[in-house]
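A.B. asks: One structure coming up, written as structure tokens, with questions to follow.
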Amino acid sequence: MTYAADVLVIGGGIIGLSCGFYLSKRGKRVFVLDSGGFADGASGACDDMILFQSKKPGINLALTFESLELYKSLLTELDDDLGFANMGGMVLIENQQELEIMEEFVAQQRSYGLDVEVIDKRAMLKKQPFLSDHIIASTYSKMDSQVDPFSVMRGFERKGGSYGMKVFRRNGVVGIDRIGTGDYQVVTEDGSIYQAPIVVNAAGTWAGQIGEMVGATIPIKPKRGQIIVTERIPQIGDTNLWSAKYLVTKLRSDVVVDLNEDERSMGLSMAITRSSGDTYLIGSTREFVGFDKNTTIAGIRAIIKQTLTYLPKLRDVNFIRAMAGLRPSTPDGRMLLGEHAGIEGFFTAAGHEGDGIALAPITGKLLASMVCRDPVDHRLDELSPNRFANP
Amino acid sequence: MTDDKDKDKDMFICRCEEVTLREIEQAIDDGFVTVKDVKRVTRAGMGLCQGRTCSKTIARIIAQRTGKPLEEILPKSFRYPVRPEKMMAVENEEFDDAKNS
């Protein structure tokens, strides 16, 4: 069978569905093609954060502000609560050196317009009474928010469907042909051909494989993140929590943070967020292990051991599940968003690493704007996929 | 008066997350036709028992409604942990025999 559309989106994760939603809203006939089931990739094995505090001043932080505003309007537009919550977040500081680095970082973020501050131990314990005594201070931002990825994806699919968007699952793309400058012909596992003048590569961790089919260089590497899920428990503090360790290593490569061998080799740094299902999601590792998305006993144990050093009370809590997702990571920590030079009509929107949930709405909206040839937004030049074209 | 058949639809299929037959049938009709898909769009099977109780029932509902064979619908594996486990159990014990694929 041959099916014709205006735009083919390859990848039906939260990014692909957002692209499909915003394109169909602008009147395009869109097909979304996915090799797996609903949320089988990174979008279904992640935490749920719209996190500001982890971001350096720059394009990622600017886009997170815009994405949060879009999420607020999507609550009405998609007619769903989306599991949206605004609990705020705290980054836990364990020694004087971390405190100085975080104070400087917070000052930079504040000058960029982020509402964030460093609070003392007393104020910290007021918000988080169960924290271990060795934590000396924390940051606090009331802006950090969250959504339920599954609700957002279903919302995009349902509303996009009302504009004519169609999603085809469990039918992976095996080839992309193009005759001259005509339409792209995308061939799937079952032999069907999907045809359109525009292709959007939103295949996340697998975007490199899709790029190869048209000769595009996309240096996205899978970075495995393991996460555990607790049973439902009452709320243990006012906000979501992160450890400063990972941020400090990212900000200051000269500083050696106190990590054991497991934590260092797995890139482990604690994040604990309360989900809309009243469970806690606790992560996460950051491992380069190819496309292996199994959880490991060593990873789960390391997450638990580290978490209990911050919140000893959780020792008695059950965890009910462990999961791993492959975050699509890029060499410079920024996504790829835009059209490939010399491959007219082929766009990539991928490489969000751990920011896919936070940045999904703004990514889809900007991508749709590019496909519709709106005036060029030069802020986005630094996200161009062509920055990697000639390594 | 409430229609008896309609009342049946309010029966909980997933008791942990309180997901009704009506919600599950709606998901199937929207095109979510595996146990995993239904779990992710309705939360059925995401609770304390992790679908040990309801996933076979859900598989049969999908099979009845779509005519697909059960083996296409059921998940192919269960992940570690197979039952809820206290965090301290993993913190203290050395165990490497658990399978998780």
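A.B. asks: Given (1) touching an Asp or Glu at 6+ places or on another chain (Cβ under 7 Å); (2) at the interface with chain A (Cβ under 10 Å from one of its Cβ atoms); (3) open to solvent by 20 Å² or more (accessible area, probe 1.4 Å), identify the lone condition not met by residue B:30.
C.D. replies: Here residue B:30 meets the rest and fails (1).
A.B. asks: Could you say whether any residue in segment A:307-329 is surrounded by fewer than 22 Cβ atoms within 10 Å (Cβ to Cβ) and away from chain B (no Cβ under 14 Å)?
C.D. replies: Yes - at least one qualifying residue is present in segment A:307-329.
A.B. asks: Something else about it: Within segment B:50-101, how many residues turn out to be at pLDDT 90 or above, more than 20 Å from residue B:30 (Cβ to Cβ) and open to solvent by 100 Å² or more (accessible area, probe 1.4 Å)?
C.D. replies: Within segment B:50-101, residues that are at pLDDT 90 or above, more than 20 Å from residue B:30 (Cβ to Cβ) and open to solvent by 100 Å² or more (accessible area, probe 1.4 Å) number 1.
A.B. asks: Next question. In segment B:1-41, which residues are of a type in the set (Lys, Arg) and part of a loop (DSSP other than H, G, I, E, B)?
C.D. replies: B:9, B:15
A.B. asks: Further question on the same structure: For the subset of segment A:154-190 comprising residues that are part of a strand (DSSP E or B) and in contact with a helix residue (DSSP H, G or I) (Cβ under 8 Å, 6 or more places away or on another chain), which member is nearest to the other protein chains (Cβ to nearest Cβ)?
C.D. replies: The selected residue is A:167.
A.B. asks: Now for a different question. For segment A:17-46, which positions are under 28 Å from residue A:228 (Cβ atoms) and either among the β-branched types (Val, Ile, Thr) or assigned to a helix (DSSP H, G or I) (or both)?
C.D. replies: A:17, A:18, A:42, A:43, A:44 - these are the residues of segment A:17-46 that are under 28 Å from residue A:228 (Cβ atoms) and either among the β-branched types (Val, Ile, Thr) or assigned to a helix (DSSP H, G or I) (or both).
A.B. asks: Now a separate question. In segment A:228-252, how many are open to solvent by 10 Å² or more (accessible area, probe 1.4 Å) and either not assigned by the TED database to the domain that holds residue A:311 or not in a loop (DSSP other than H, G, I, E, B) (or both)?
C.D. replies: Of the residues in that region, 8 qualify.
A.B. asks: Please count how many residues of segment A:19-38 are open to solvent by 20 Å² or more (accessible area, probe 1.4 Å) and among the small types (Gly, Ala, Ser).
C.D. replies: 2
A.B. asks: Being under 24 Å from residue A:116 (Cβ atoms) and either of a type outside the set (D, E, K, R) or open to solvent by less than 60 Å² (accessible area, probe 1.4 Å) (or both) narrows it down to one of A:304, A:272, A:297, so name that one.
C.D. replies: Just one listed residue meets the conditions, A:272.
A.B. asks: Go over the candidates A:61, A:51, A:82 one by one and state the one that is away from every other protein chain (no Cβ under 14 Å), open to solvent by less than 60 Å² (accessible area, probe 1.4 Å) and touching a residue at least 60 places away in the same chain (Cβ under 8 Å).
C.D. replies: It is A:51.
A.B. asks: Does residue A:196 meet the test of being open to solvent by less than 60 Å² (accessible area, probe 1.4 Å), in contact with a Gly (Cβ under 6 Å, 6 or more places away or on another chain), hydrophobic (A, V, I, L, M, F, W, C) and away from chain B (no Cβ under 14 Å)?
C.D. replies: The answer is no for residue A:196.
A.B. asks: Cβ-Cβ below 8 Å, separation at least six or inter-chain, first residue in segment A:284-303 and within 14 Å of another protein chain (Cβ to nearest Cβ), second open to solvent by 40 Å² or more (accessible area, probe 1.4 Å) and of a type in the set (Lys, Arg): which pairs?
C.D. replies: What qualifies is A:295/B:79.
A.B. asks: Quickly run through segment A:296-331 and pick out the residues that are within 19 Å of the chain's Cα centre (by Cα) and assigned to a loop (DSSP other than H, G, I, E, B).
C.D. replies: A:330, A:331 - these are the residues of segment A:296-331 that are within 19 Å of the chain's Cα centre (by Cα) and assigned to a loop (DSSP other than H, G, I, E, B).
A.B. asks: A further question on this structure: Is it the case that some residue within segment A:286-293 is touching a strand residue (DSSP E or B) at 6+ places or on another chain (Cβ under 6 Å), at pLDDT 95 or above and open to solvent by less than 10 Å² (accessible area, probe 1.4 Å)?
C.D. replies: Among the residues of segment A:286-293, not one is touching a strand residue (DSSP E or B) at 6+ places or on another chain (Cβ under 6 Å), at pLDDT 95 or above and open to solvent by less than 10 Å² (accessible area, probe 1.4 Å), which makes the answer no.
A.B. asks: Name the one entry in A:363, A:348 that is more than 10 Å from every other protein chain (Cβ to nearest Cβ), part of a strand (DSSP E or B) and surrounded by 22 or more Cβ atoms within 10 Å (Cβ to Cβ).
C.D. replies: A:348
The values are calculated or read from the model by the stated rules, or taken from the named source; none is laboratory data. Please read these numbers as outputs of a predicted model, since none were measured by experiment. Every residue, glycine as well, gets a Cβ built from its backbone with ideal geometry; the counts of neighbours run over all protein chains shown. Protein only, heavy atoms only, side chains kept; ligands, DNA and RNA dropped before computing areas. Shrake-Rupley method; radii C 1.70, N 1.55, O 1.52, S 1.80 Å.
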